[in-house]
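Down below is the structure, laid out as structure tokens.
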Amino acid sequence: DNQLTGSIPSEVGLLSYLRELYLYSNQLTGSIPSEVGQLSHLTFLLLDFNQLTGSIPTKMGLLSGLSRLELSNNQLTGSIPSKVGLLSYLERLHLFSNQLNGTIPTELSSLVNLEATFNLSSNALTGTVPMDL
């Protein structure tokens, strides 16, 4: 584990050929910059076990090649963006242990490659689990 502090700079969006971003298990604060959505070659985004706040950027739905999205154990708020359902290659989705609220978007039913893990536990989600999940 590292001890990185501060926020993720918006300039991360300039790393246009970045394929994997591992910043988990640090002490990062602030929100996830929407510029992350510009990383069109990204396959792994692991930001879990930090102190990130704010909502999950809807621009994450632009990361069409993403296979792992791990944002667990942060302090993220707001709802799960329906655009996450566009991540057709997603195999692992970890959003547990945050402060997410609202319902589980029905669009997540289209994530047919979710084989490894899909974990939304320990949040403030309401409603029903979509039938096709």
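The values are calculated or read from the model by the stated rules, or taken from the named source; none is laboratory data. Just so it is clear, the model here is predicted, and its values are computed rather than measured. A quick note on method: Cβ atoms are made from the backbone with ideal geometry, for glycine too, and the neighbour counts reach across all protein chains shown. SASA here: full protein model, heavy atoms, side chains in, ligands and nucleic acids out. Shrake-Rupley method; radii C 1.70, N 1.55, O 1.52, S 1.80 Å.
Observations on the structure shown:
- Scanning region 72-86 turns up one or more residues that are in contact with a Leu (Cβ under 9 Å, 6 or more places away or on another chain), assigned to a strand (DSSP E or B) and buried (at least 18 other Cβ atoms within 10 Å of the Cβ).
- LEU63 within 11 Å of the chain's Cα centre (by Cα) and open to solvent by less than 10 Å² (accessible area, probe 1.4 Å): yes
- Residue within region 24-37 that is closer than 17 Å to LEU114 by Cα and exposed (fewer than 15 other Cβ atoms within 10 Å of the Cβ) present: no
- Strands (runs of 3 or more DSSP E) completely within region 89-133 that count 3 or more residues being open to solvent by 60 Å² or more (accessible area, probe 1.4 Å): 99-103
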